[in-house]
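Heads up: the structure comes next, in structure tokens.
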Amino acid sequence: MKRAEDLEVRGRTVLVRADLNVPMDGAAITDDGRIRASLPTIRELLSRGAAVIVCAHFGRPKGDDYAARAAAGPSLRPVADRLAELLGQPVTLAGDVAGESARVIASTMAAGEVALLENVRFEPAETSKDDRVRGGLAGRLAALADEYVGDGFGAMHRKHASVYDTPLLLPHAAGQLVLAEVAVLRQLTTSPARPYVVVLGGAKVSDKLAVIGNLVGSAGSGPATPRSAGSGPATPRSAGSGPATPPHADRLLIAGGMAYTFLAARGHQVGDSILQEEQIPQVTSVLADAETAGVEVVLPVDHVVADRFAADAEPEVVHGPDIPDGKMGLDIGPATRELFGRKLSDAKTVFWNGPPGVFEFPAFAAGTLAVAEAISHVTGLTVVGGGDSAAAVRHLNLPADAFTHISTGGGASLEYLEGRELPGLRALEAGS
Ligand code: ADP
Ligand code: MG
């Protein structure tokens, strides 16, 4: 994969696909980690005399066409403002994605200047399944610039116009963030030092079953057959896009909302906790596979519960794995915090995705804090992946070196660990 630093950019306009999809509370950015992570590549290109046009998606615009989506938002305006603040220079926000406004800006930009296109998901074509529809948007995006740099790691698992189709139309390279993310994930997937402990939390088990299957070595959960690129034969998997057979974990610590489906599969009562009943058969078979493979699966042994899902709900500890009716589990309990701490204490490699509790509510954040602290004491490779997990740990004010790497990509890092080829990486590797 070619590196952005190897592109000749002086006097040229470079389109940088970044991941600036930051969490918001109303009009306020609650965690600007993704914007900060995109700065090194943008700065490096500017310092070498490029004009930089940044392209990114934001939230989930709804509506049938461009006009409806652009009217409903969300606009990248607050992100443009924060980006300008962090870069210390003006950032011109285009009034559209790849229309008249973007074209005028692109054709009048000078070296050292930065522009941001509007939310690329205002364009329904961005996420279209139809190659030709995506290709139309990719053509308009490519026409804005001379070169393309892919640096939006969090979107690399999407076969979207700005991620997959546009780089194929321009000289292209990978940005620093993408290269750093891939380097770390490659370490995780090529003979990790053992014990290799994986902590999984978050809301839904369905989001994570594929990666769990892979981590316990389930038959049939190996890398998905490379999906057709829609153009030419599928390229063989190369070192950058994903490993052929990711190694399995030694230990899997399961918490968060998904733990209740695991507990239910083991015959426990989960009260009113979030439960994906339809997933119980898959979870049961994953548990059996783990047993066969000798992967230890550790589930919560106690809980912090409440009678409703709210920040001001009264927290209450339930001793033991069963949760009575009328109560919902919102965090792991004190005995589980201790158990997880012990199960992490001898780890040499850790991957953590998904908060073990509803950390957004301070009364239910102790489990997330305990897991973060336990991982911070591990000497070895420690990786946190997932938008919410990354935001959670950044708010804990742990020392900067508490983790080897905080990934900006949730879905992207999970798919990489599943051994799947990421379309965005494949496009960046093409022809270079
Ligand atoms: P990430 O973005 O790190 O991949 P997810 O998006 O999978 O993580 O999950 C994050 C969400 O999971 C958080 O908003 C958190 O509140 C929620 N969550 C954690 N534990 C529970 C629980 N016990 N019940 C409901 N939601 C939970
Ligand atoms: Mg999330």
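The values are calculated or read from the model by the stated rules, or taken from the named source; none is laboratory data. These numbers were taken from a predicted model, which means no experiment stands behind them. Virtual Cβ from ideal backbone geometry, glycine too; neighbours counted across all protein chains shown. All accessible areas refer to the heavy atoms of the entire protein, side chains included, with ligands and DNA or RNA removed. Shrake-Rupley method; radii C 1.70, N 1.55, O 1.52, S 1.80 Å.
Values computed for the structure shown
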quantity	calculated
Condition check for P40: in contact with a helix residue (DSSP H, G or I) (Cβ under 8 Å, 6 or more places away or on another chain), within 22 Å of L144 (Cβ to Cβ), open to solvent by 40 Å² or more (accessible area, probe 1.4 Å) and not aromatic (F, W, Y)	no
Residue ranges of strands (runs of 3 or more DSSP E) in the stretch 87-182 with at least 1 members in contact with a His (Cβ under 7 Å, 6 or more places away or on another chain), in contact (Cβ under 8 Å) with a residue 40 or more places away in the chain and aromatic (F, W, Y)	147-150
In the stretch 183-214, the residues that are in a helix (DSSP H, G or I) and either of a type outside the set (A, V, I, L, M) or touching a residue at least 40 places away in the same chain (Cβ under 8 Å) (or both)	V184, L185, R186, Q187, L188, T189, L209, A210, V211, I212, G213, N214
Selection count, the stretch 246-269, where residues are open to solvent by less than 10 Å² (accessible area, probe 1.4 Å), within 16 Å of ligand 1 (Cβ to nearest atom) and either of a type in the set (D, E, K, R) or touching a helix residue (DSSP H, G or I) at 6+ places or on another chain (Cβ under 8 Å) (or both)	6
Yes/no for V133 being farther than 24 Å from V9 by Cα, open to solvent by 30 Å² or more (accessible area, probe 1.4 Å) and among the hydrophobic types (A, V, I, L, M, F, W, C)	yes
Residue within the stretch 416-432 that is open to solvent by 10 Å² or more (accessible area, probe 1.4 Å) and within 16 Å of ligand 2 (Cβ to nearest atom) present	no
In the stretch 377-390, residue farthest from ligand 1 (Cβ to nearest atom) [restricted to those that are open to solvent by 10 Å² or more (accessible area, probe 1.4 Å) and within 28 Å of A155 (Cβ to Cβ)]	L381
